[in-house]
Amino acid sequence: MNTLIIKICLLFLSSLVFSILINKVFLKFSKNLGMRNIDDQAIRWASTSKPALGGISFFIVFLLVLTQHPIYFAAYELPFNTKLIGVLAACTVGFLAGLADDAYNTNPLLKSLAQGLSAVILIATGSFIELFDYTWLNYSFTFLWVVGLMNSINMLDNMDGITTTASIFALLAMLIVMFFNNQFSSVYFTLMIGLLGALFGFLFFNWHPSKMYMGDTGSQFLGISLAALSI
């Protein structure tokens, strides 16, 4: 158990350090990159332009922590099965949709289609909620869960630190469930620890008064990540 705690702490700390360093780099070179103004996003309670690049750091740390799984849990190979590939694909679609929206202010319909595609990818690769006797009901509920959570996280992102904090508590709740089910070696446990580190690292820059935002890149990626991992 002591060895496990050390591994978890090292995994979290490495993700935290990666997140802080990446965001520092983005902040330094953000003068003309990824800027958001109150005129472009009227629902945000802020009066100054700030870079909306935090979501890119989430995705980078997400991929980096995935490569660390075999290092910390050497006895367990990285299970590149259909479900994991589906989770990675869905998260990538969410990330790219948010990135496109931040860069080009895309049509809301395009964002909705990307959210629907993320849900379909999860369902098609075997990651769906199983509550009902009828498969179509399970698929429908999963679709609503994914699209609803992606939109909820996106709409919540209107004040400094609020979305980051809410996502941290969501991840902590899922980690507690996995902890009591002894699922420490699961790659999803590793991804949750990594995302937790990424969020805490970003919170350093996003806490009021914030220096940067996560943008739609971050909110869309967090929405699909939380939806997929919770399933």
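For the stretch 62-88, which positions are open to solvent by 40 Å² or more (accessible area, probe 1.4 Å) and modelled with pLDDT of 85 or more? Scanning the stretch 62-88 gives Leu63, Leu64, Thr67, Asn81, Thr82, Lys83, Ile85.
When Gly197 is tested against the conditions (1) open to solvent by 10 Å² or more (accessible area, probe 1.4 Å); (2) under 13 Å from the mean Cα position of the chain (by Cα), the lone failure is (1). Within the stretch 85-108, residues that are under 14 Å from Ser225 (Cα atoms) sit with their Cβ atoms under 6 Å from residues that are open to solvent by 40 Å² or more (accessible area, probe 1.4 Å), at 6+ positions apart or across chains, in these pairs: Val93/Leu117. Filtered by the rule that a residue be outside any loop (DSSP other than H, G, I, E, B) and either under 18 Å from the mean Cα position of the chain (by Cα) or touching a residue at least 24 places away in the same chain (Cβ under 8 Å) (or both), the stretch 121-143 gives Ile121, Leu122, Ala124, Thr142, Phe143.
The values are calculated or read from the model by the stated rules, or taken from the named source; none is laboratory data. None of these values were measured; they are calculated from a predicted model. Cβ sites come from the backbone with ideal geometry, for glycine too, and all protein chains shown count toward neighbours. Areas reflect the complete protein model, heavy atoms only, side chains present, ligands, DNA and RNA absent. Shrake-Rupley method; radii C 1.70, N 1.55, O 1.52, S 1.80 Å.
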